[in-house]
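I have placed the structure first, in the form of structure tokens, so that the comments after it can refer back to it.
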Amino acid sequence: MLKRLLEEENVYSVAVDGGIGFFIKNHLKPAYWLGDMDSAPEGDTIAAVHLELSEERFCKVPVMKDDTDMALAVEKALEAGCEEILIFGGIGGQRISHTIANIQLLQAYAKKNCHIMMISDGCRMEVLHKGVKAFSKEMKGLISVFSLTDVAERVEIEGLKYGFKGNFKNDRALGVSNAFTGREGRISIKGEGYLLLVYENDETGETADES
């Protein structure tokens, strides 16, 4: 999926630090590459990449900084005019702290009306704010819903295994392990607050239009 996506002409791709390894392996060149290089490939491989990417397409950032490499990469994509951003590989890994930081990033950009979907093997995450997320009947697997704010107001869950109508609070995991049922479904938030949607074991990756 990722390789096919990166081969499309209208996709602006940013390699984040060691993520350049995927591009090298698949004989692809990113539009931009940045990072503090603490996880980048070393030796002849990294030298070869430097030769193929001009200075305008490569940026080595300090290890000591106020933003993560991922946050800087998302900012670069935003500067390039991207309104829909996909993050691959931002979930899991050896350092759970980075996953938490990336979830904060999803919320920060939701406040800027920029939608980010974070994707890894068997899991996807996105943030919903004052809107509706509709799901096709082909959706499979589990979906969990968390409030990222003290209260997420006027939340409605319909067409899933467990329905809900009311306010979500961030001190209770009420929305864990809901499930798709082969019917069309929807999650909406009509008041203030932010919801984190976590999809697990979804083999289709399909959703209906968001409105």
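List the residue pairs whose Cβ atoms are under 8 Å apart, where the first residue sits in the stretch 123-137 and is within 18 Å of residue 161 (Cβ to Cβ), the second is of a type in the set (Lys, Arg), and the two are 6 or more positions apart or on different chains.
133/186; 134/186; 135/186; 137/183
With the requirement that a residue be at pLDDT below 85, assigned to a helix (DSSP H, G or I), under 12 Å from residue 20 (Cβ atoms) and of a type outside the set (D, E, K, R), what does the stretch 38-93 give you?
45, 46, 48, 49, 50
In the stretch 111-179, which strands (runs of 3 or more DSSP E) lie fully inside it and hold 2 or more residues that are closer than 30 Å to residue 80 by Cα? Explain how you work it out, then say what you get.
Numbers: elements: 115-120, 123-128, 131-135, 142-147, 151-158, 164-169, 175-179.
Correct list: 115-120, 123-128, 131-135.
The values are calculated or read from the model by the stated rules, or taken from the named source; none is laboratory data. Worth saying up front: this structure is predicted, and the values here are computed from it rather than measured. A quick note on method: Cβ atoms are made from the backbone with ideal geometry, for glycine too, and the neighbour counts reach across all protein chains shown.
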